[in-house]
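Quick notes on the structure that follows.
Read-outs throughout are calculated quantities, based only on the coordinates presented, and are distinct from any laboratory measurement. What you see is a predicted model, and the numbers here were worked out from it, not measured in a lab. Reconstructed Cβ throughout: ideal geometry from the backbone, glycine too, with neighbour counts over all protein chains shown.
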Ligand SMILES: *Cc1c(COP(=O)(O)O)cnc(C)c1O
């Protein structure tokens, strides 16, 4: 049985996307590849609202989290930590031999512009990492306000948009993001295996003078091949075909505005359901994400048993992340998911958990 994934990545992939990926291989140093690469990059720039270069990496998103700090931290990094992925970025920064502090917030809390301003003023940081949409807690950071305060500091603004890009509008140039990274298996609804990042002129220039950038994730190497409309190493050509096709659908068929609106509708629908059934949201409502909702299990539902029974009915359910496994659960509403399918899923949860 094919099961619908209501987990926050990977998300379900439409059959026509798989079909677009099933074309023959081409050489990654030939003309056909460069055409495919250029078309895909142009669409990525539209999706990201940027004129910066966009690199495509054969890795999961974590690879580019590593790349961002490896290329852009020279002195000391401030990592904002308000959930599993943002805290992991702190670990990744230190694991790469960088000096780093963490602005440690409660899991479920939103990083505000004031908190970040205060933390940045305390030391001589040259980079800041922020997870735009904390998938572990369903919190969307108020990035527009944060961008306003970051502008006053001489820091590289490194942003993880892994579970928001393609579902929530992120305007890279307007926010002054130096490195904006994401994988394709979440709100973009593609098979896992590719990650993309935009890199500003300043970030590229800075990386030149940062030592020990390694090779696989070195922006200087990416840039050299980017200028030839190629990837540094053999590209994941099938995935690239899928990305090109899906971006075309997103931008030219559904339209970005419609796609963001659909995600907002699904977020609202889920939050309304949470209130009506008597559960509570983990985050404050104004920071609640439109791609994933984190629900406090205030009704004491046996999530393990619910997960098993949902599985038998054709759905993959997500409990809380890591240490929050038993205290809450998550409902992903991202990618190509439609509001109707989401309503069906919520009704089945109600039925199986004996709610209402
Ligand atoms: C899923 C996720 C990651 C990790 O992505 P991988 O593609 O598994 O490396 C990082 N950050 C956020 C916010 C995520 O949701």
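Once you wrap a convex hull around the alpha carbon atoms of segment 88-238, what is its projected area averaged over all directions, in nm²? Mind showing how you got there, number by number?
Numbers: hull surface 38.2 nm².
The number I arrive at for segment 88-238 is 9.6 nm².
Of the DSSP beta bridges with both residues in the chain, give the percent that are antiparallel, rounding to the nearest 5.
Details: 22 of 41 bridges.
Bridges in the chain are about 55 percent antiparallel.
Determine the calculated [θ] at 222 nm for the chain from helices alone, applying -39500 (n - 2.57) to every DSSP H run no shorter than 4 residues and normalising by the residue count; nearest 500 deg cm²/dmol. Provide the component values of the computation, followed by the final result.
On the way: 13 runs with 142 residues, N = 356.
Calculated from helices alone, the mean residue ellipticity at 222 nm is -12000 deg cm²/dmol.
Extending 7 Å from Cα along the Cβ direction at residue 264 and again at residue 106 yields two label points whose distance is 2.8 nm.
How much length is gained on full extension from residue 272 to residue 173, taking 0.36 nm per residue of separation minus their Cα-Cα distance?
Numbers: separation 99, 0.36 × 99 = 35.64 nm, distance 3.33 nm.
Result: 32.3 nm gained on full extension.
Mind telling me which of 129, 234, 62 comes out most flexible in a GNM of the chain, alpha-carbon contacts under 10 Å? Looking only at 129, 234, 62, the biggest GNM fluctuation is shown by 234.
How do 131, 17 line up, fewest other C-beta atoms within 10 Å first? List each step's numbers first, then the result.
Numbers: 131 31, 17 20.
Lowest count first: 17, 131.
Take each peptide in 296-303, 151-158, count the other Cβ atoms within 10 Å of every residue, and average; sorted highest first, the result is 151-158, 296-303. Label separation (residue 211 vs residue 94): 2.2 nm, computed from points 7 Å beyond Cα along the C-beta direction. Could you tell me what percent of the DSSP beta bridges with both partners in segment 57-211 are antiparallel, to the nearest 5? If I count the DSSP bridges inside segment 57-211, around 30 percent turn out antiparallel.
Want the number for residue 192 to residue 220: 0.36 nm per residue separation, take away the alpha-carbon distance, what's left? Let's see the in-between values first.
Details: separation 28, 0.36 × 28 = 10.08 nm, distance 2.51 nm.
Separation in residues times 0.36 nm, less the Cα-Cα distance, equals 7.6 nm.
Percent of C-alpha pairs per 20 Å bin in the chain, short distances first: 31, 57, 12, 0.
How would segment 1-101 be classified by its alpha-carbon gyration tensor: rounded, prolate or oblate, with rounded meaning a/c under 1.5 and the a/b versus b/c comparison settling the rest? Write down the numbers at each step before the final one.
Values: a/c = 2.46, a/b = 1.45, b/c = 1.70.
Oblate, because a/c is 1.5 or more while a/b does not exceed b/c.
Averaging the inverse of every distinct alpha carbon separation and then flipping it gives the Kirkwood radius. What is it for segment 128-211, in angstrom units?
Numbers: mean 1/r = 0.0744 Å⁻¹.
Kirkwood radius, segment 128-211: 13.4 Å.
The mean sequence separation of alpha-carbon pairs under 8 Å and at least six residues apart, normalised by the residue count of segment 16-252, gives a relative contact order of 29 percent.
Average 1/r across all pairs of distinct alpha carbons in segment 197-315, invert it, and you get the Kirkwood radius: 19.1 Å. Among 138-145, 2-9, the peptide with the highest mean count of other Cβ atoms within 10 Å heads the list, and the full ranking is 138-145, 2-9. Highest mean packing first, where packing is the average number of other Cβ atoms within 10 Å per residue, the peptides 208-219, 79-90 line up as 79-90, 208-219.
The Kirkwood hydrodynamic radius of segment 78-127, based on inverse pair distances between different Cα atoms, is 11.2 Å. Modelled spin-label separation between residue 304 and residue 325, with each label point placed 7 Å from Cα along the Cα-to-Cβ direction: 0.9 nm. This ranking places 165, 1 by how few other beta-carbon atoms lie within 10 Å of each, fewest first, which gives 1, 165.
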